[in-house]
Structures are given as structure tokens and as C-alpha cells.
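Here's the structure, in C-alpha cells; my notes come after.
The values are calculated or read from the model by the stated rules, or taken from the named source; none is laboratory data. If you're wondering where the values come from, they're calculated on a predicted model, not measured in any experiment. FYI the Cβ positions are ideal-geometry reconstructions off the backbone, even for glycines, and counts take in every protein chain you see.
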Amino acid sequence: MINTRAALRLTAWFRRNLRTKLQSRDVYTVIHCQYKASLLAWLSLPIRLAQEHVYNLVPTESPYEAAAVGCPYISSFTFLSPQCPSGPRHDVRAMSVPEIKLERRAYSPRQTGTMILEVLLPIAATLLCYFIFHASQILYRNLTSPLRFVGGPKSPSFLLGNFKEMGDDPYLTEKWRAQFGGTFRFHNLFSMSELHTTDLKAINHIVSKPSIYQKAPSLLAATEIMLGRGILAVENENHRRQRRALNPAFGLPQVRLLTGIFIEKSVQLRDIWAAQAAQDGAARIEVTSWLRRMTLDVIGQAAFNYHFNALDTGSKPNELNDAFTALFHSPHATRYAGFRAAQGIAPILKLVPGPGKKLVHAARQTMLRIGQQIVNRSIAEIKASEGEKDLGKNRDLLSTLLKANLSASIPDSQRLDDAEVVGQIPAFFLAGHETTSLATSWALHALSTNPAAQRKLREELLTISTDNPTMDELNSLLYLETVVRETMRVHAPVVNTERMAVEDDIMPLAKPYVDPQGNSHDSLPIPKGQRIHIPIVAINTDKEIWGEDASEFRPERWEKVPDSVSAIPGVWANLLTFFAGPHNCIGFRFSLVEIKALLFTLIRAFEFEAVAKDDIVRVTVNFLQRPAVQAEGPCSGLPLIVKPYNAQL
């Protein structure tokens, strides 16, 4: 059997050499290994269909060595076989350019087809066995689960479960709650059982026991595929260590220093919109795409002291903004997200070319490449300014993180290595770019459909005499605070999250669950491996908690909230929007002040009118919801009529 490392190195050599040196316009090659290779070796070797000739990898007299024949630019390649321990040993990692003996032979189409079947049939059989094994595990777990008595919707497909219909209809879980109550079971990809609950006692229990209820390995794997091993893709001690290192960068003193950048970029966006509206006195503007540019500029400058110039209309398209657009805002974004989730559940799918795989890889490489450049530059600047001695020079989040990480007072066991530091940058991009722009889009939508609230907010904002308020001045505006709270309640950017029990547990319920047989349960047995679906928006708009008008945008409700709201375990404003516990959003203060800066600047300057008041729907991709015009499709964004505000009218 071919050694795995040798097979991988052989693959790399094939890609570098054979495809360029042996392929011609009308002759394609099939590389057929006469050794019985492992599955990994077969999947790694590039296979190309033969039209006329086949280049056949053959053993020489020695089973360990092959020399090139008729290929003067190839010397020799030596690999070792674990089945022949008496043979010579070579360190595969130390090999120079691998070279193989190639013998040109002519094969008939039938022989070529037979050879291809010899390769494909073992692969297909192995994949089939793999899926049968895992399918039987999932089926057994579902049939023997102590939660099998919990009702819920039927699964229309074993492979897709309820995943596709949930993606097609973002309001489907609301219909299920009306039918089954707040606690029910549905099936995710590969029919994996997931328990949905809005019970606050259960949610508090989950949040208070982070050692039991953690992000599922498949979710961590899917996150790592896209973002790397930053704080969003780790658990337990790694998460605590990274969180400890990041905390100083997101404290109130640091956000206070960054408020000037929020205002500066908000003013730049205001001036762009004013220019568009100046000609006709009003303009129809798709606001979400512009807000995404603004927040990208903010996260670049405030987080990394890096200028993306996304708001510069004369610059070339921004590759990072384009990457996020393709990932989250393209017509196929839901398919891409589904395939990443499937890869997390079934890692073998990482070997399969699937929807969006190249796109995700390209986006991640773009983020990591830019991230590495930013980190290298920041480290050089810190070292040039004598590290900790010049704390005030750079105010961006990354510099603060690096200074703390380089401090002599930090034990080596708590430091982040270079890969972990670079891994934070994609997380910053996602959390600081997408979520804030979506939250502000929803705020403008809500205000455009509620002119009275928009006028009341504008009147308050105009009491501030400057266009450049401080963080403390923004936080002193009470009605602005209620508008932001109500937006984050009704239109939380992150619609749900999930946790998985890593050991058996008993989950208490505030409201007893009555099963289809009429039995009442004041708690539910949670088996190890059970996934829990936590619907953030559903809890934020639960009529039993907030009252009958819970789904309406009404900022005045915050003047006196119901007592039941205090049971929601949120890190901010008794909302689940930024979650709670050790995994609460570390950048929530940063995001809130940035949203306030945007609304302060834009509402003072413009009046916003809805283009399609009753036709705005939410589109959900990767736990994020964005507004779209139903009649124009999921990528339409949020168009608004923007008019310059004239105080004299």
C-alpha cells in the first residue's frame, strides 16, 4: 500500500509537472497506479480521461524505486511501502522533487473504461459504507433518544431533514411554534435531531452550564472552514484564553477612543448620499450595500488601522467586500451555507467539490492573507515604538491586543500564537462588518415605516449642537437608546444559535411540556450529543414575555418593560441579541456605539421613506437575517427614498 505522505507528495508533483508537461491539446492522460493504493491515495491522484494514450505508473525491478524513461527532465522518485519493512527506508518529508517512471502505452476505450472503474468502484464502495455507517448511527440515536416522545414537524428527506424548507421559508419556525408550542423537535441535515425551545428556564439552564452545553463540533468545524481558528471556532480552555486576550481591546475606554472613527465614516457616507439626492431632491438608494461598505471601512480602521477605502467611489472594487457579498448576499448563499454545514457533520465531504467550496476557500484565503499583512505590520510598528511603552500611539483593536499579548507580564501559556492572532481577524471582519450593517439597515427600515418615531428621534438628535459627538453624548440620548434597543429586539441580526450537550443532563422547564400522549413533563432528559436550537428572535418577540404587540416596532415600550423580561439572560438590555454567558458577543459595546453614530448622522441629515413598506421580508443565511424586497428577490437589499432634511419646512 502506498504510504499516505508519499501519495500526497506524488499528487503535488502531478499537479506541478504532469499537467503541464504531458498534456497536449488533443491528448489527455490517465494516471493509473498499479499498486493497490489506499482510499486517500486514490482520491489524491489526479485522474484525467484518456482520448488516445495512457501514461501508466509502473514498478521497476525494485519495488521501491522508479526511474523516468523517455522523460529526460524527470530523475527518480523513491517511496516506501509499509508492507515491505525489509526494504530501504526514506524520509518522505525530506524527498526532493518526486519523479516516476512513465511508460507510454496505447489503450482501447474499453481498457480505459475498465481502468477508470478500477479506480472509481473502490471509492464509491468506501463512500457508500461510510454513509451507511453514519446514517445507521443517526437513525439509532433518533429511535432510542429519550426525547423521541417530543412532537414536531415531519422530516421530508433523510439527507436534508427540515434544513431546506427552513432555508426557503425564514418564517417556518414561527408556524411550527404556533402548531407545536415553544418546545418541539425538528431534523437538521442528515436527519440529526434538534430540540427547539423558547422556555426561559431552559435557556437560563443552558447558558449557566457552558461546560455541558457547547457549540457542536460540526458547527466549530464549519466555522473553521470559513474563518479559521479564531474565537468563534474554539471552545473550553482555548476559548477562555482567547477571550482573556481580547477583552482589553473591547472595553469602554477603547470604544470611547474609537468613536471618532465611527462618526468620521458616518459623515463620509452622509455626504455620498447627499450628493446622490441633490440633483432631484431625493434619491432611491439601496442602503444595505452602502452600510456594508461603511462598516468595512470602520472595522478596517478601528480594528486594524487599515484603510480599505470601500466608501471611495473612485477606487477599484474591494476584494474583501466582494468576498463577503458572494458568501452572504449571492442567490446561492443558502446552498453554500448548507454545504459548509454538511462538511462539518461529515468531514469526508471536504474531499468533494461542492457548491461554493472554491468561493469559501478564496474568501478565507483573502481574509487570512490580508490578516497576515495587517498583523506583520502592526507587530513591526509596536516593536519600533518599544511595545508597551507607547500605548497611546495606535488606538485600533489589533494593536491593543498585540500589546497585551506581547506584555512581559503575560504567562506564555496564556499568549496567543501568530496563527491564533491572525485567526481573530476574519472573526472581526464578520462580526464587525456584517452584523452592524444589517442592524442599521433594519433600524432604517423600521424608522421609514414609522414616521412618528423617525421625527421624534430627529428632534432629539438635533439637540446636540455638534456633528461630532462623543460616546458619552451618544449614550445620553435616551430616545436613540430606545430605538436601538427596539431594533435589536425585533430585528436581531443573528436569528438563532445552537448548543450541543457534551454529557447527559436534565433540562428544567418553566412551562411543563405536554407530549402528544397527554403526559406532562416539567423537565426534559437531554442525552449526550443532543443539539439545542435557541431561537433568538423568537424569544425577543415572544408575546408571553413582551405582550400582544411583541412583533411591532414600538420604541416607547422601553419606558416600562414587563417584569417577565427580566428572566431573559442577555448580556445587554435583557435581550438575547448578543447572547449571554461566556460566549456573549465580545464586541457588543463597539457595535452599539457604531450603530448610534450612524443613526445620529443619517437621521439628522435625511428623511427616509419606505419604497415597499409591506413587501420587505427577511432572508436568512448563516444565522444572519437581512432585509429584501419580496417581489425583487433575496438579493434586492433594502431600497429607501432618501430626502435631505430641511429644518425650515
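Data table
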read-out: Residues of segment 157-209 satisfying the condition of being modelled with pLDDT of 95 or more, part of a loop (DSSP other than H, G, I, E, B) and within 23 Å of residue 341 (Cα to Cα); value: 197
read-out: Condition broken by residue 566, with the remaining ones in (1) surrounded by fewer than 18 Cβ atoms within 10 Å (Cβ to Cβ); (2) touching a helix residue (DSSP H, G or I) at 6+ places or on another chain (Cβ under 9 Å); (3) of a type in the set (Ser, Thr, Tyr) satisfied; value: (2)
read-out: Among residues of segment 220-240, those that are of a type outside the set (Val, Ile, Thr), in contact with a helix residue (DSSP H, G or I) (Cβ under 6 Å, 6 or more places away or on another chain) and in contact (Cβ under 8 Å) with a residue 24 or more places away in the chain, counted; value: 10
read-out: Some residue of segment 459-476 being modelled with pLDDT of 95 or more, closer than 16 Å to residue 199 by Cα and touching a helix residue (DSSP H, G or I) at 6+ places or on another chain (Cβ under 7 Å); value: no
read-out: Answer residue from segment 167-188, given it is closer than 16 Å to residue 199 by Cβ and among the polar types (S, T, N, Q) and is surrounded by the fewest Cβ atoms within 10 Å (Cβ to Cβ) among those; value: 173
read-out: Qualifying residue in segment 522-529 (condition: within 30 Å of the chain's Cα centre (by Cα), touching a residue at least 12 places away in the same chain (Cβ under 8 Å), part of a loop (DSSP other than H, G, I, E, B) and closer than 21 Å to residue 443 by Cα); value: no
read-out: Pair list, Cβ < 9 Å and 6+ apart or interchain, from segment 542-557 residues that are over 16 Å from residue 573 (Cα atoms) to residues that are among the acidic types (Asp, Glu) and in a loop (DSSP other than H, G, I, E, B); value: 543/549
read-out: Single residue of 463, 436 found to be hydroxyl-bearing (Ser, Thr, Tyr) and surrounded by 21 or more Cβ atoms within 10 Å (Cβ to Cβ); value: 436
read-out: Residue pairs meeting the criteria (Cβ under 7 Å; at least 6 apart or on separate chains; first over 16 Å from residue 595 (Cα atoms), in segment 454-473; second surrounded by fewer than 16 Cβ atoms within 10 Å (Cβ to Cβ)); value: 464/473
read-out: Count of residues meeting criterion [surrounded by 15 or more Cβ atoms within 10 Å (Cβ to Cβ) and farther than 18 Å from residue 494 by Cα] in segment 613-634; value: 1
read-out: Matching entry among 507, 488 (being in a helix (DSSP H, G or I), in contact (Cβ under 8 Å) with a residue 40 or more places away in the chain, crowded, with 16+ Cβ neighbours inside 10 Å and touching a Ser or Thr at 6+ places or on another chain (Cβ under 8 Å)); value: 488
read-out: Lone unmet requirement of (1) of a type outside the set (Val, Ile, Thr); (2) touching a residue at least 40 places away in the same chain (Cβ under 8 Å); (3) in a loop (DSSP other than H, G, I, E, B) for residue 533; value: (3)
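Yes/no matrix, rows are residues, columns are (1) closer than 30 Å to residue 194 by Cβ; (2) in contact with a Phe, Trp or Tyr (Cβ under 6 Å, 6 or more places away or on another chain); (3) surrounded by fewer than 21 Cβ atoms within 10 Å (Cβ to Cβ); (4) of a type in the set (Phe, Trp, Tyr):
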site: 254; (1), (2), (3), (4): no, no, yes, no
site: 257; (1), (2), (3), (4): no, no, yes, no
site: 263; (1), (2), (3), (4): no, no, no, no
site: 268; (1), (2), (3), (4): no, no, yes, no
site: 291; (1), (2), (3), (4): no, no, no, no
site: 322; (1), (2), (3), (4): no, no, yes, no
site: 326; (1), (2), (3), (4): yes, no, yes, no
site: 331; (1), (2), (3), (4): yes, no, yes, no
